[in-house]
Each structure stands twice: as structure tokens, then as C-alpha cells.
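The values are calculated or read from the model by the stated rules, or taken from the named source; none is laboratory data. Computed from a predicted model, the values in this text were never measured in an experiment. We place every Cβ from the backbone using ideal geometry, glycine too, and count neighbours over all the protein chains shown. Just the protein is used for accessible areas: all its heavy atoms, side chains included, with ligands, DNA and RNA removed. Shrake-Rupley method; radii C 1.70, N 1.55, O 1.52, S 1.80 Å.
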Amino acid sequence: MTNNSKTQNPHNQTPHDETANFGYQKVPAQEKMKLVQKHFDSIARKYDFMNTLLSFGLHYLWKRTAVKMMGLKPGSKVLDVCGGTADLAILAARYVGSEGKVIVYDFNRAMMEAGKGKVHKALLTARIRYVQGDAEQISFPEGSFDAAMVGFGIRNLTHMEKGFAEMYRVLNLAAP
């Protein structure tokens, strides 16, 4: 009897063998982040226009509805994971008021830079900050935020469950 663990247990893959979805193709998991980074570096300045075009403008309604449903209060601290060009952050910043804070957390610097003009134009630079980092390993302590949100960017994580677990970890579950 041979010991071919891939044949006997296809779910017992090593990280080297693991694959991830990138668009409609499977890629080695360790390559996905590089591919996503390269993709968003190339489209950052056109991203908002492309979202509007591809959704026929409906993404504005979806985002307003999603943020409204969060029930944010003045003074809340909000984490916008995979926040990119800050659309959700801008909406959240209006709810949290001048005492609140919103962190746009994204691993792609070009996307965050593309959103800074919108934040400035909305007069919300005092409420919105930017942190470049990996959503699967959020660099904030446990319980740091009253709310966490993620939009379309969740699809770009290699391990979605890690991203959701990290968002849960940084929530202050004792907050009213």
C-alpha cells in the first residue's frame, strides 16, 4: 500500500498545494495576493468609474443601505476592511460624527490614494484614517472597534474565513 495523501485525502493539502480563486481561474494560494495587488495597482484610478458602470450605479444604493443598516452612533470607531477608495468609510464617517473615527484598512496603497481626494472633498479628513495591511491579519488589538465592515473587497482575500475571523476579533462586543 502506498501513502499518497493527496489521493486518499484531497482535503489534506499542504499550503504549497493550496489553490485560491482569482476571477474565474484557480491560482496557487501563495500567488493570489501578488495578483490582486498588481490588478488593483493598475486600475485604482479607474476603479470608482468601473464600479458605477458595471453596476449601473446601483452600488451607491447598496452601500448607503449597508451602512445605514449598521446603526452607527456618534462617536463610534469603525473599521472599513478592504476599504479601497473609501466609499463605505465616507458614508460611515457621516454617521459617527466629529467624535468618531473610521479606519480604511487595505493592503493596496494605490486604491487608498485614489480615495483620498473624495475624503478631502467630503471634508472628512479629520474622521478618516488609512492603514495599509492584510485583512487576514489585522494589525489592531482585540476589541478596538465598535463596528467592522467590508464591501466588494472580501472576494479578494485568499482565506475569507480568516478575514471574517479577524474582523470579529477586533470588534468590541461589550459596546452597547
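Here are a few things to note about the model shown:
- Relative contact order, percent, the chain [alpha-carbon distance under 8 Å, six or more residues apart]: 20 percent
- Sorting 98-108, 129-139, 46-56 by their mean Cβ neighbour count within 10 Å, with the most densely packed peptide first, gives 98-108, 129-139, 46-56.
- Calculated accessible area for the range 73-176 comes out at 48 Å² per residue, all protein chains present (probe 1.4 Å; ligands, DNA, RNA ignored).
- With 10 Å bins beginning at zero, the pair-distance distribution over Cα atoms of the range 36-176 amounts to 12, 45, 36, 6, 0 %.
- Of 38/73; 73/162; 34/63; 121/162; 32/116; 46/77, pairs whose Cα-Cα distance is over 32 Å: 38/73; 121/162
- Sequentially through the range 165-171, phi angles give Karplus couplings (6.51, -1.76, 1.60; θ = phi - 60°) of 5, 5, 4, 5, 4, 7, 6 Hz, Gly and Pro residues having no value and appearing as x.
- Cα shape, the range 21-117, gyration tensor, a/c 1.5 rule: prolate
- Think of each Lys and Arg Cβ as +1 and each Asp and Glu Cβ as -1; about the Cα centre, that makes the dipole of the chain roughly 620 debye.
- Selection from 82, 100, 159, by position along the positive dipole direction of the chain (Cβ): 100
- Per atom type, the chain shows carbon and sulfur on 59% of its accessible surface, probed at 1.4 Å.
- Local electrostatic count at residue 94 - Lys and Arg +1, Asp and Glu -1, tallied over other residues with Cβ under 11 Å: +3
- Remark: the range 145-160, residue by residue, has Karplus-estimated 3J(HN,Hα) of 10, 7, 8, 9, 9, 8, x, 5, x, 4, 5, 8, 6, 6, 10, 3 Hz, where x stands for each Gly or Pro and the curve is 6.51 cos²θ - 1.76 cosθ + 1.60 at θ = phi - 60°.
- Applying the Karplus relation 6.51 cos²θ - 1.76 cosθ + 1.60 with θ = phi - 60° to the range 85-98 yields 3J(HN,Hα) values of 8, 6, 4, 5, 4, 4, 5, 5, 4, 5, 6, 7, x, 5 Hz, where x marks Gly and Pro.
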